[in-house]
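The values are calculated or read from the model by the stated rules, or taken from the named source; none is laboratory data. If you're wondering where the values come from, they're calculated on a predicted model, not measured in any experiment. Here Cβ is always computed from backbone atoms with ideal geometry, including for glycine, and neighbour counts include all displayed protein chains. The accessibility values were calculated without ligands, DNA or RNA, using every heavy atom of the protein model including side chains. Shrake-Rupley method; radii C 1.70, N 1.55, O 1.52, S 1.80 Å.
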Amino acid sequence: MNDYTKVSFKVTPNEEVATDILAALLAEVGFESFVPTEEGVEAYVPQALYDADAISSVVETFPLEGFGITYGSQFIEGEDWNAEWEKNYFQPIVLGDECVIHSTFHKDIPAARYDILIDPKMAFGTGYHQTTCHMIRAILASDMQGCSVLDM
């Protein structure tokens, strides 16, 4: 598994424009993901790409005036992040009694006319995107008798 370093940035004042620019600059030095916080942003970089000097340079040369940035880092041992997400965040999608989208690890799924089983993986979605829910509702509301459908 890949080990990561989490760097927690406190941005004062904490404004979205500053944290967005900070994230863009950090992406240029290897950071892969960002989570907004009440104080700023948490940024994650693969341990192999962690460069304390690069982070210091980003903070010291931050292009917006009037912002203070402090930070601290923490080692994060690698694990199967997709499996962790599957266990803790993917919840069934229920559209009334018409349609339910769930995985094999969900229990107590309500009965629905259409039962869609998806085991989430890194290359396949779960139906959470708003366009997916809108399309399911549109299909359920339509008379699709005799129609062909292409999902791409």
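Key figures
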| read-out | value |
| --- | --- |
| Which listed residue, of Phe90, Phe62, is modelled with pLDDT under 95 and in a loop (DSSP other than H, G, I, E, B) | Phe90 |
| Test: Asp53 is surrounded by fewer than 12 Cβ atoms within 10 Å (Cβ to Cβ), part of a helix (DSSP H, G or I) and of a type outside the set (Gly, Ala, Ser) | yes |
| Matching residues, the range 14-33, being under 14 Å from Tyr71 (Cα atoms) and open to solvent by 50 Å² or more (accessible area, probe 1.4 Å) | Asn14 |
| Residue pairs meeting the criteria (Cβ under 9 Å; at least 6 apart or on separate chains; first surrounded by 10 or more Cβ atoms within 10 Å (Cβ to Cβ), in the range 128-151; second basic (Lys, Arg)) | Leu140/Arg113 |
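Per-residue answers, yes or no, for (1) at pLDDT 80 or above; (2) out of contact with any strand residue (DSSP E or B) (no Cβ under 9 Å at 6 or more places or on another chain); (3) not β-branched (Val, Ile, Thr):
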{"site": "Trp85", "(1), (2), (3)": "no, yes, yes"}
{"site": "Ala111", "(1), (2), (3)": "yes, no, yes"}
{"site": "Ala138", "(1), (2), (3)": "yes, yes, yes"}
{"site": "Ala141", "(1), (2), (3)": "yes, yes, yes"}
